[in-house]
Amino acid sequence: MKVQGTLKASELFAIIALVIGIKLSDMTPAIYAQTGKNGYWLMPFISFIVIMPSVLLLVYLLEKYKNKTLVELNRHILGSKIGSVVSFILFLSTFFALSIDSRNYVDTIGTMYFDESPELILYLIFMTVCAFGAKKGFQAIGSTAWAILPYIKIALFILLFILLKEVIWLRVFPIFGDGLKEIVIEGAKKGSVFGDLFVIATAYPLFKDKKNFRKGYLIGSFFVLIELTFFFLMYCTFYDYKSITKVAFPFHEITQYINLGTFFTNIETFFMAFWVLCALFRFVSLLYITTWLFGDIFNIKEFEPLVFIVALIAITVGIIPDGPIYDNIARRENFLDVVTPFLVVFPMVLWIVAKFKGELRKE
């Protein structure tokens, strides 16, 4: 299945910077903090180190097999049946990430900004907007990412500038929180925090110059690692040791606390606007990629109209769990722990099988 359109390295960089970068403002810090305490700012490095070899291996295979999509790559190396099963598992992991994360983001919007609004209505509005955006296709997603990226990052820089005068650097101690062992183990288990890199790799066939894919992909990957780590460090030095594990939305709590002097107070609405824009973009991208994987698995050439159906099913799955916000944090944490081994192993399996078949010999 061939998808129309082309992407540039700058657009792929922007997609990664927005889709993964927004995790500095969702429940990811709260998940890390449960075990890492005030040392959790180091955990993204561990997660990245665990997942990146498999990511690089996948990129190598995509480059080796030219213009094949991720699903076509799985089928070519593993065979039609096994390759389709592996692809379907990847689709399910992406779909459940879409469902679980979208529910968490809607919870955030409802809890922090629209506490009187029915959650289901907020969810329907949110995913409907995402579906209309996803229907435009990957090329439109790429150009939109590059257009909005500067505004969102400038807003983050403003927040960072204001935040720096509020932090207490001594709160970073003890650097390893409850211990280095906990940080390493839990950071490794949550390598799938960077799991979006796998599904974003579906964009590979959209590049005429494949070197641009590697350039945008790698620069974007290291950029979000540095960004997440630095903002997590800011959270650690802003909140004290006892409260850091009890803050579900550290980003939003900070925006409600800070101000610009005595005149510009309650400026959280300014940051909320950019956060919602970035959140919408994240799920526009995930919704499109999820539908693309489904269409590729079942050989559906015109898969774009299915984004509305996938969005509706995602809402149905996402709205089912009911409970306090910390149940949602635990649910997402368990999901990250379960998906990480699959994402680490499956590119290695592809490489081993391809090597055994003699398809990786130098030309």
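The values are calculated or read from the model by the stated rules, or taken from the named source; none is laboratory data. All values derive from a computational prediction rather than experimental measurement. No Cβ is skipped: glycine too gets one built from the backbone with ideal geometry, and neighbour counts run over all protein chains shown.
Listed here are the residues, each with its yes/no results for (1) at pLDDT 90 or above; (2) assigned to a loop (DSSP other than H, G, I, E, B); (3) under 22 Å from Tyr65 (Cα atoms); (4) not aromatic (Phe, Trp, Tyr).
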residue: Thr316; (1), (2), (3), (4): yes, no, no, yes
residue: Tyr326; (1), (2), (3), (4): no, no, no, no
residue: Ile329; (1), (2), (3), (4): no, no, no, yes
residue: Asn334; (1), (2), (3), (4): yes, no, no, yes
residue: Val338; (1), (2), (3), (4): yes, no, no, yes
residue: Leu343; (1), (2), (3), (4): yes, no, yes, yes
residue: Pro347; (1), (2), (3), (4): yes, no, yes, yes
residue: Ile352; (1), (2), (3), (4): yes, no, yes, yes
residue: Lys362; (1), (2), (3), (4): no, yes, yes, yes
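Using beta carbons and a limit of 8 Å, which pairs, at least six apart or on different chains, have the first residue in segment 178-205 and closer than 19 Å to Asn334 by Cβ and among the aromatic types (Phe, Trp, Tyr) and the second one part of a loop (DSSP other than H, G, I, E, B) and at pLDDT 90 or above?
From segment 178-205, the pairs are Phe194/Ile20.
Under the condition of being in a loop (DSSP other than H, G, I, E, B) and more than 22 Å from Arg332 (Cα to Cα), which residue from segment 212-250 is modelled with the highest pLDDT?
Step one: filter segment 212-250 for residues in a loop (DSSP other than H, G, I, E, B), giving 239-249.
Next cut, more than 22 Å from Arg332 (Cα to Cα) only: 239-242.
Details: Tyr239: 86, Asp240: 76, Tyr241: 69, Lys242: 72.
Per the criteria, the residue is Tyr239.
May I ask you to verify whether Pro205 is under 17 Å from Val172 (Cα atoms) and either polar (S, T, N, Q) or at pLDDT 80 or above (or both)?
On the way: under 17 Å from Val172 (Cα atoms): no; either polar (S, T, N, Q) or at pLDDT 80 or above (or both): yes.
No, not satisfied.
Taking the residues in segment 91-118 that are of a type in the set (A, V, I, L, M, F, W, C) and over 15 Å from Val310 (Cβ atoms) as candidates, determine which candidate is surrounded by the fewest Cβ atoms within 10 Å (Cβ to Cβ).
The residue in question is Phe114.
Inside segment 283-333, can you point out the residues that are aromatic (Phe, Trp, Tyr) and surrounded by 14 or more Cβ atoms within 10 Å (Cβ to Cβ)? It would help to see each step written out before you state the result.
From segment 283-333, those aromatic (Phe, Trp, Tyr) are 283, 288, 292, 294, 298, 303, 308, 326; that's our starting set.
Scanning segment 283-333 gives Phe283, Tyr288, Trp292, Phe294, Phe298, Phe303, Phe308.
Within segment 275-313, track down each residue that is part of a helix (DSSP H, G or I) and polar (S, T, N, Q).
Ser285, Thr290, Thr291
Among Leu58, Leu90, which is the only one that is in contact with a helix residue (DSSP H, G or I) (Cβ under 8 Å, 6 or more places away or on another chain), more than 30 Å from Thr316 (Cα to Cα) and of a type outside the set (Val, Ile, Thr)?
Working: Leu90 fails: more than 30 Å from Thr316 (Cα to Cα).
Leu58 is the lone residue from the list that is in contact with a helix residue (DSSP H, G or I) (Cβ under 8 Å, 6 or more places away or on another chain), more than 30 Å from Thr316 (Cα to Cα) and of a type outside the set (Val, Ile, Thr).
What about Glu253, is it assigned to a helix (DSSP H, G or I), modelled with pLDDT under 95, among the charged types (D, E, K, R) and under 23 Å from Leu98 (Cα atoms)? Walk me through it before giving the result.
Values: assigned to a helix (DSSP H, G or I): yes; modelled with pLDDT under 95: yes; among the charged types (D, E, K, R): yes; under 23 Å from Leu98 (Cα atoms): no.
In short, no.
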